[in-house]
Amino acid sequence: MLTKVKQWLVKYFVPHEHNDHRPHILRARATIAILAIILLIEAGFLTQTLFLSQTSLFATILQNVLIDKTNSSRQGESLSLLVENPLLDAAAKMKAEDMAGKGYFAHTSPEGIEPWHWFRMVGYDYRYAGENLAVNFVDSEDVVKAWLNSPAHRQNIMNRHFTEIGIGTATGMYEGREVVFIVQIFGTPTLEPIVGTHPVVTAFQSAAAAEPATSTASQEMFTVAPGAVELAAVSGVESGQLPSEPTPASTLVQRAIASPKTVSNYLYAALMVIVALALLLNIAIKPRIQHPRLILNGMALLVILNAVLVLNHYLALANAAIF
């Protein structure tokens, strides 16, 4: 078995007399096959980006994946993992549907409804609460990266006071196009209502940008217990015993579906490595025996692969924004 694999690798990647110093991976037939693979990957990406991302199925999958990615980010900072709370999911869903139905994208609605209104609507009494928003993203990895690259949003995700999380999504029209609104809310419940206190809001200047990696955005954080630093007990868990390993909300397949750009990027990167390796071996092993057409085939494939990477990056993030 290993011998056959070695023979196949030599035949396709190493120039020698038995393949006429023309590695099969760079020949016309293999080049056409690689182009077909590129078209297949791109068709999958475009299908997910242009069609699947607008469906309720994608919204449900995205919700689960974002919870896992948020917890993964917190775990990397040695913070306790957040527990999904159905009440917070419901509050986030209501906020997302309100934005989708009215066509706005902000923490405060055009009627002046503020973020904590949705917590009250579902009966969630909080000690600490926060909200992150996103719109028109098609890849879960891009959403989380955008939030983490914004100091204000990162502060919410990495806030040590938060113990629970909820995600809500809705599809609606915004700025003339149909988009997915994403609401991520955080909370720490309080068992006893705190009387005589009012929410304290800290607002940050906002700017929605097409490139999340460099965008500056805003978020609002609010608390019903100003100055409090001790976490309230979480429903069903004794104080001081917050769960550190909640069950993952998403499966591997769901994470792939919710990350079309990331998955296609990995596949394209693998093809680029294969083609670049073939070109390097072809030129280095027999530098005096070269076939220009093979080199041209390899270079053309690398140019095409780079082009689709740039195109997909633009398609995925051109109109994306966080708030």
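None of the figures in this text is laboratory data; all of them are computed from the coordinates on show. Just so it is clear, the model here is predicted, and its values are computed rather than measured. Neighbour counts are summed over all protein chains in view; Cβ atoms, including those assigned to glycine, are modelled from backbone coordinates with ideal geometry.
Quick notes on this one:
- In a DSSP loop and with at most 10 other Cβ atoms within 10 Å, the GluC sites (Glu not before Pro) in segment 41-147 are Glu77, Glu111.
- Whole-number D in µm² s⁻¹ for segment 63-191, Kirkwood Cα-pair radius fed into Stokes-Einstein, 37 °C, 0.692 mPa s: 225
- Cross-link pairs exceeding 32 Å between alpha carbons, from the set Lys95/Lys145; Lys6/Lys145; Lys93/Lys145; Lys11/Lys69: Lys6/Lys145; Lys11/Lys69.
- Fewest-first sequence of Ile32, Ile185 by Cβ atoms within 10 Å of each Cβ: Ile32, Ile185
- Using a Förster distance of 41 Å, the FRET efficiency for Arg293-Leu50 (Cβ separation, nearest 0.05): 0.70
- Here segment 63-191 is assigned +1 on the Cβ of each Lys and Arg and -1 on the Cβ of each Asp and Glu. Its dipole about the Cα centre then comes out at about 260 debye.
- Stretching Val303 away from Tyr104 to a fully extended chain increases their span by 67.6 nm, per 0.36 nm per residue minus the current alpha-carbon distance.
- Gap separating the Cα centres of segment 98-175 and segment 15-85, nearest whole Å: 27
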